[in-house]
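Participant: Next up is a structure, given as structure tokens.
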Amino acid sequence: MKRLANKVALVTGAGQGVGQGIALALSDDGAAVAVFGRTLSKVEETCRLIRERGGRALAVECDVKDLASLKQGVDAVVKEFGGLQILVNCPSSGDLRQAGAFGSGGFPAPAG
């Protein structure tokens with residue numbers, strides 16, 4: 001069994017570059033991957049690559065600087081995969097400090 005089997009990962013900025021590489025690596029280790037990015041065609045391509053390698057993926061067009069977009073994206077991940085255990089924040093811009101607004105069951109806001 002792969003190390004990340006039965007885990008769900010969300011990777012922001014996963015439509016290209018480092019974020020895409022992280023998404024592929026997580027999938028190779030067995031995680032289902034929610035591929036977040038601002039450009040749908042790019043995240044769909046990352047999902048295609050993941051599926052070609054036998055993985056599970058969900059493309060989510062999302063602007064992490066927009067709390068409503070972020071919440072809608074996370075809700076889609078939970079609906080599709082039943083939960084979320086891993087977060088990799090790799091956007092080209094923005095931050096996820098707003099994600100603390102999801103409450104105690106959501107992502108914690110970083111200190112400082």
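Participant: In the stretch 46-78, what residues are farther than 16 Å from ALA23 by Cβ, among the charged types (D, E, K, R) and either crowded, with 18+ Cβ neighbours inside 10 Å or in contact (Cβ under 8 Å) with a residue 24 or more places away in the chain (or both)?
Facilitator: ASP63, LYS65, LYS71
Participant: Checking the condition small (Gly, Ala, Ser), in contact (Cβ under 8 Å) with a residue 60 or more places away in the chain, out of contact with any Pro (no Cβ under 8 Å at 6 or more places or on another chain) and buried (at least 24 other Cβ atoms within 10 Å of the Cβ), which residue from ALA31, ALA9 passes?
Facilitator: On the way: ALA31 fails: in contact (Cβ under 8 Å) with a residue 60 or more places away in the chain.
Only one candidate qualifies: ALA9.
Participant: Taking the stretch 14-46, which residues are closer than 14 Å to GLY73 by Cβ and among the hydrophobic types (A, V, I, L, M, F, W, C)?
Facilitator: Matches in the stretch 14-46: ALA14, VAL33, ALA34, VAL35, PHE36, LEU40, VAL43.
Quick note: the coordinates plus some simple rules give every number you see, no bench work behind them. Keep in mind the model is a prediction, meaning the values are calculated, not measured. For neighbour counting, all protein chains shown are included, and Cβ atoms are generated from backbone atoms with ideal geometry for every residue, glycine included.
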